[in-house]
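> Structure provided below as structure tokens; questions to follow.
The values are calculated or read from the model by the stated rules, or taken from the named source; none is laboratory data. Since the structure is predicted, the reported quantities are computational estimates derived from the model, not experimental observations. Here the Cβ positions follow ideal geometry from the backbone for every residue, glycine too, while neighbour counts run over all protein chains shown.
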């Protein structure tokens, strides 16, 4: 069994034990495989700002790594919530980059998890005069500061 199929089975089993009826589709995205959950009332799986999706994704990947050492990182999404959030974040970064350039003042973003911070760093690459920095530490959520690059 391929790792992606095993991940789909793990997620389906977890959702079943939680009492949810859903269909799961395996989609190939730029970043890798994504398990798309389709169900009535997706907000019950998404949670507040995707926190339940984060938890499901974490568990699926942890269980998968136990049996497949070289398994790809599996993204778990529901009703394309993550894709929509990613697009909103990219648009926000463009707007903030313009704001930082216009005001010549750094801007500190809201706390983000590692996944969304990585997206911010990738989006900032489209703005060569802007740099992004997040504090060191072990905190799960960190605030990225956008500023003009110093020459």
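> Restrict the check to the range 74-97 and report whether at least one residue is at pLDDT below 90 and assigned to a loop (DSSP other than H, G, I, E, B).
No, the range 74-97 contains no residue that is at pLDDT below 90 and assigned to a loop (DSSP other than H, G, I, E, B).
> Something else: Would you confirm whether or not the range 73-81 contains a residue that is under 23 Å from residue 120 (Cβ atoms) and out of contact with any helix residue (DSSP H, G or I) (no Cβ under 8 Å at 6 or more places or on another chain)?
Yes: the range 73-81 contains one or more residues that are under 23 Å from residue 120 (Cβ atoms) and out of contact with any helix residue (DSSP H, G or I) (no Cβ under 8 Å at 6 or more places or on another chain).
> Another question about this same structure. Being more than 23 Å from residue 30 (Cβ to Cβ), in the same structural domain as residue 31 (by TED's automatic domain parsing) and at pLDDT 90 or above is true for just one of 63, 53. Which residue is that?
Among 63, 53, only 63 is more than 23 Å from residue 30 (Cβ to Cβ), in the same structural domain as residue 31 (by TED's automatic domain parsing) and at pLDDT 90 or above.
> So, in the range 32-73, exactly how many residues are in contact with a strand residue (DSSP E or B) (Cβ under 7 Å, 6 or more places away or on another chain), closer than 22 Å to residue 2 by Cα and part of a loop (DSSP other than H, G, I, E, B)?
Adding up the residues that qualify gives 2.
> Shifting gears a bit: Any idea how many residues of the range 18-31 are under 19 Å from residue 87 (Cα atoms) and either assigned to a strand (DSSP E or B) or in contact with a helix residue (DSSP H, G or I) (Cβ under 9 Å, 6 or more places away or on another chain) (or both)? Quick ask: steps written out before the conclusion?
Taking the range 18-31 and keeping what is under 19 Å from residue 87 (Cα atoms), we get 27-31.
From what's left, either assigned to a strand (DSSP E or B) or in contact with a helix residue (DSSP H, G or I) (Cβ under 9 Å, 6 or more places away or on another chain) (or both): 27-29.
Number satisfying all stated conditions: 3.
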